[in-house]
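Have a look at the structure below, then the notes.
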Amino acid sequence: MHRQRLMAIFVGLPLVVVVGCTRSDNGGTTRAGETPTRRPASAEASTSTPAPTSARVDPVSIPGLIKRPHHGSDLRLGSVLARNDAYTRYAITYRSDGLTISGIMNIPRGKGPFPAVVLAHGYIDPATYTTGQGTPREQDLLARRGYVVLHTDYRNHAGSGKDPDNDVDLRLGYTQDVIGAVLALRSSGRPEIDGNRVGLLGRSEGGGVVYNTLVVAPGLVDAAVVYAPVSSRPAQNVERFQRHPQPGWGPPDPVVREIDKKHGTPRGIPAFWKDVAPVTYADRMTEPLLIQHGTADNICPVAWSEQTAAAFRAAGKDVELRKYPGEGHTFGPRWRASMDVTLDFFAQHLH
């Protein structure tokens, strides 16, 4: 029996994004005491959590994102991109905190409403990214198993609106766009979508986006899965992927100088980097989390997932870490077996 978890509609929610892989990841290749309610389909959904009590809250931090309101609405289906015997694939847009965000949606054939899964893709250079890129295998399999699938492109990608500060502010906007996607699903009023049953799935950098969403917006979804995720400590991600990339990964990212200038370095301003890390706020998570990681991943080390899982468990959270010997970053021979685990996990928590 699935949990009846509906997003509370108040004013002022959370949001945070971990800076993730700056290597291309083509992946294929509400609160305690509040009663969740569903907003009418005609209204823009929003959420909020109690504001942090400190005198000054940096907006580029998890407390800052908790304090601010977040919105998601106006889910629109555009052109049909493909049809098959299991589902129809649409180009879509929705509104997220004042921006139009593009993406794709797979809607299963048959009688709904169907549970939904929002997909958060890994890093792909926005200059070359095309809508829906990064999770093709997951999009197809989940839709064939009876889930509405919404893959968000994120801001600054494909047909989405632009946010010029996003990279300097550790790509926090991506988490806003995932939160907005869930809220847009819930408020859409579409008969195919069961807004009471929503999960998240993130790959690589998208795994970091999922971590942020879970601690910034507890109660937003029912369950979450991450594959080969980045670190839950942004300082480690910036160091590995931007400040000192591995041999063969290209030169240091020039954005790092702007990040250091605006926010300080991890050594110089450790408090900032602690406050932007979702693992710092592990006690806020309320949903079950499944982490899947290959032991041969040379992009995002499996040790990062071991450390994250240990931190969430220490906070008393429901976290399972599945490790796959010999699997790399994008998963190959064991991908389908790992997805069977994911499907069982979603069946347990979204039905």
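The values are calculated or read from the model by the stated rules, or taken from the named source; none is laboratory data. Bear in mind the structure is a predicted one, so any value in this text is a computation, not a measurement. Note that we place each Cβ from the backbone using ideal geometry, even for glycine, and neighbour counts take in every protein chain shown.
Output the number of residues of the range 125-166 satisfying the condition of being more than 20 Å from F331 (Cα to Cα) and acidic (D, E). Final tally of qualifying residues: 4. Among the listed residues T342, T265, T308, T280, identify the single one that is surrounded by fewer than 18 Cβ atoms within 10 Å (Cβ to Cβ), in contact with a helix residue (DSSP H, G or I) (Cβ under 9 Å, 6 or more places away or on another chain) and of a type in the set (V, I, T). Exactly one of T342, T265, T308, T280 is surrounded by fewer than 18 Cβ atoms within 10 Å (Cβ to Cβ), in contact with a helix residue (DSSP H, G or I) (Cβ under 9 Å, 6 or more places away or on another chain) and of a type in the set (V, I, T), namely T265. In the range 269-312, the residue that is nearest to W249 (Cα to Cα) out of those that are assigned to a loop (DSSP other than H, G, I, E, B) and under 18 Å from the mean Cα position of the chain (by Cα) is C300. Pick from T37, T53: which is in a loop (DSSP other than H, G, I, E, B), surrounded by fewer than 14 Cβ atoms within 10 Å (Cβ to Cβ) and at pLDDT below 50? T37 is the lone residue from the list that is in a loop (DSSP other than H, G, I, E, B), surrounded by fewer than 14 Cβ atoms within 10 Å (Cβ to Cβ) and at pLDDT below 50.
How many residues are buried (at least 19 other Cβ atoms within 10 Å of the Cβ), under 16 Å from S204 (Cα atoms) and touching a strand residue (DSSP E or B) at 6+ places or on another chain (Cβ under 8 Å) when one looks only at the range 286-301? So the answer is 7.
Which of the residues spanning the range 80-113 are over 22 Å from L214 (Cβ atoms) and part of a loop (DSSP other than H, G, I, E, B)? The answer is N84, D85, A86, G98, R109, G110, K111, G112, P113.
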